[in-house]
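The values are calculated or read from the model by the stated rules, or taken from the named source; none is laboratory data. All figures in this text were calculated on a predicted structure; none of them were measured in a lab. Counting neighbours? That spans all protein chains shown, and the Cβs are built from the backbone with ideal geometry, glycine included. With ligands, DNA and RNA removed, areas are computed over all heavy atoms of the protein, side chains included. Shrake-Rupley method; radii C 1.70, N 1.55, O 1.52, S 1.80 Å.
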Amino acid sequence: MLALFLRDLRLSMRVGGGALTGIIFFLAVIATIPFGVGPDLNLLSRIGPAILWIGALLASLLGLDRLFQADREDGSLDLLVLEADRHMLALTVLVKCLAHWTGSVLPLVIAAPLLGLFMNMEPLAIAATALTLLAGTPAITFIGAAGAAVTVALPRGGLLISILVLPLTIPALIFGVSASYGATQNPAPFLQPFLILVALTLFLAVIGPLAAALALRRSAD
């Protein structure tokens with residue numbers, strides 16, 4: 001499993017420059033917001049956590065189509081599906097998801113504090129948003145694994161993955177933004193939505209790989 005993690009980590013960073021592409025897209029999203037809402041620094045600071053979450057969410061969707069694509073092209077995906085039982089295949093998918101998140105999504109979380117400065121956010125808001133992204137973005141990857149498994153056999157599955165996955169990521173977006181605002185706004189709580197976000201990620205860490213493993217088996221049949 002460690003060898004698989006390291007292999008997929010190298011692939012996620014090499015194929016198409018996943019991390020760099022995601023960061024550039026993330027930066028492009030954040031940089032265009034002030035042109036749309038105007039130079040009001042108070043407004044930018046107020047909507048900053050939501051914009052960071054939306055930008056990270058959209059950037060996370062970019063590389064999901066490559067989650068199983070390299071394995072399908074070299075034939076190793078068929079071997080994994082045929083040789084592994086259901087639970088072992090789900091564990092393999094979980095390891096691939098963690099490698100993909102580490103190589104493609106974790107750089108977005110690391111870049112988020114710097115981009116938060118562009119939005120004139122307070123240090124506490126930046127720290128809270130980065131923490132919620134760290135806890136919530138794995139949920140996007142786990143959901144995306146199921147979508148990538150459904151579309152792995154399609155020639156142009158990238159757009160379809162986004163259509164399938166984006167509505168399912170709304171709960172993570174809601175609780176992530178709510179927790180980020182709760183850290184800086186006194187009436188709004190931070191701990192409750194943050195704990196729900198963590199619970200959602202842990203729940204999807206189980207359901208997502210299982211659904212992806214089932215989809216991969218059906219596509220192989």
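A few remarks follow.
- Note on the range 135-221: enclosed helices (runs of 4 or more DSSP H) holding 2 or more residues that are closer than 28 Å to S76 by Cα, out of contact with any Phe, Trp or Tyr (no Cβ under 7 Å at 6 or more places or on another chain) and open to solvent by less than 10 Å² (accessible area, probe 1.4 Å) are 157-165, 191-220.
- Condition check for F190: aromatic (F, W, Y) and either within 24 Å of R10 (Cβ to Cβ) or touching a Pro at 6+ places or on another chain (Cβ under 6 Å) (or both): no
- Filter result for P209 (of a type outside the set (K, R) and under 20 Å from L57 (Cα atoms)): yes
- Which numbered condition M121 misses (of (1) buried (at least 19 other Cβ atoms within 10 Å of the Cβ); (2) within 21 Å of the chain's Cα centre (by Cα)): (2)
- Filtered by the rule that a residue be over 12 Å from the mean Cα position of the chain (by Cα) and surrounded by fewer than 24 Cβ atoms within 10 Å (Cβ to Cβ), the range 52-71 gives D65, R66, Q69, A70, D71.
- The residues listed here are T32, T92; of these, the one that is on the phi < 0 side of the Ramachandran plot, modelled with pLDDT of 80 or more and open to solvent by 50 Å² or more (accessible area, probe 1.4 Å) is T32.
- Some residue of the range 100-111 being touching a Pro at 6+ places or on another chain (Cβ under 6 Å), modelled with pLDDT of 90 or more, in a helix (DSSP H, G or I) and closer than 24 Å to S180 by Cβ: yes
- For F25, the requirement of being assigned to a helix (DSSP H, G or I), modelled with pLDDT of 90 or more and open to solvent by 60 Å² or more (accessible area, probe 1.4 Å) is met.
- Residue within the range 194-209 that is within 12 Å of A145 (Cα to Cα), in contact with a Leu (Cβ under 6 Å, 6 or more places away or on another chain) and at pLDDT 90 or above present: yes
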